[in-house]
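One structure below.
Values quoted throughout were computed directly from the atomic coordinates according to the rules given, and no laboratory measurement underlies them. Remember, it's a predicted structure, so these values are computed and weren't measured experimentally. FYI the Cβ positions are ideal-geometry reconstructions off the backbone, even for glycines, and counts take in every protein chain you see.
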Ligand code: FNR
């Protein structure tokens, strides 16, 4: 293992290593408005900043002499074993980063057995992504539609294509106030890079009176979100599928309680990477209060601001079962396609292993009592 680390040190001195370096190389490759769409947050980007600051306010107080010669990073979610305690966050419109988009990302994820969450507004259809995933686990993320027949149809398609869980995003009942996109007059949905799941949906296509390209885009803009989405609907969605259902975008402990009452199987504590409501708490700071009310009854996944292995370990110590990785893998994708995703994930996995070992954690599924202190 020591040798492997040394080899990777030698092979990496030419390529980006830190998140900031990957971001910089992605920026050089992309058109400014497309890069801006991915990098930016909503409003004054207070929450985007807070998502990072939150991690450095916590410090690990490690345990020693725990025999960390082999670190078992596997976790169990919904009766299935996963090799690593993280998944790739649902990110739409990946063609902005690379022509092969989601297909390259899911192949990169498959190299390391990292589950991939396909977005409603992916650049390739959920069926094509499933095929590229092969036997790699995948989940499907749903933006609940104004025309719920479309959402139920996508749910059914996801089940048929071998998706193993449904992630319902609840913080996006309308688009956030995104000033970078407003300034650039840019909407990727209008540009058509997020239409694959719609044009491949018979219920959506049937609902259109104008089936031209412009009609399709108009149909998506009218149907992608659902401002009157509410808790009653969550119960109906739960009944409509046998797959585990997670809610993504929970920040308030009372909402976590409502989710459990609705029979939800897992919660993703998230502020959408600072892209929806600006001014909200960082996800990490929201986590302890939610972990307290959930009390281990259902899995909690932390999303927003994860950049390195130490962030992942802090989230686990504060009560998460796993985390999601967002922009980091997209910057790998933009820099070098599938190979870039593989490299970002490989580094993240290795840094996580070293962090766990040096913290005294030999088995993620049996976390020893490790403290974090506020700095
Ligand atoms: C997103 N995110 C997102 N979330 C979701 O539920 N459905 C989606 O289609 C998208 N699309 C999307 C596009 C882009 C360009 C970004 C950057 C993000 C949010 C994503 O799943 C995740 O919550 C954040 O990216 C997490 O924050 P970090 O890891 O990027 O800081």
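Summary of computed values
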{"read-out": "Kirkwood Rh and Cα Rg combined as Rg/Rh, the stretch 2-374", "value": "0.95"}
{"read-out": "Ranked 67, 128, criterion: other C-beta atoms within 10 Å, fewest first", "value": "67, 128"}
{"read-out": "Burial ordering of 18, 172, fewest other beta-carbon atoms within 10 Å first", "value": "18, 172"}
{"read-out": "Calculated FRET efficiency for the pair residue 83/residue 131, C-beta based, R₀ 25 Å, to 0.05", "value": "0.70"}
{"read-out": "Space enclosed by the convex hull of the alpha-carbon atoms of the stretch 95-162, per residue, Å³", "value": "75 Å³"}
{"read-out": "Projected label distance in nm at residue 295 and residue 350, using a 7 Å step from Cα toward the beta-carbon", "value": "4.3 nm"}
{"read-out": "The chain: angle of helix 327-359 to the longest principal axis, Cα-based, in degrees nearest 10", "value": "30 degrees"}
{"read-out": "Share antiparallel - DSSP beta bridges, the stretch 2-374, percent rounded to 5", "value": "25 percent"}
{"read-out": "Angle between the chain longest axis and helix 148-160 axis [Cα atoms, degrees, rounded to 10]", "value": "50 degrees"}
{"read-out": "FRET efficiency for residue 362 and residue 228, using Cβ-Cβ distance with R0 set to 41 Å, rounded to 0.05", "value": "0.25"}
{"read-out": "Where a label projected 7 Å from the Cα of residue 177 along Cα→Cβ would reach, residues of the stretch 259-279 with amide N under 11 Å", "value": "277-279"}
{"read-out": "Length added when fully stretched, residue 207-residue 373, from 0.36 nm per residue minus Cα-Cα", "value": "54.3 nm"}
{"read-out": "Cα Rg over Rh - the stretch 233-366, Kirkwood", "value": "1.00"}
{"read-out": "Between 0 and 90°, nearest 10: helix 231-240 axis offset from the chain longest Cα axis", "value": "90 degrees"}
{"read-out": "Proxy reagent accessibility, fewest Cβ within 10 Å first, across 217, 330", "value": "217, 330"}
{"read-out": "Between the stretch 130-158 and the stretch 222-296, the Cα center-to-center distance that results, in Å", "value": "18 Å"}
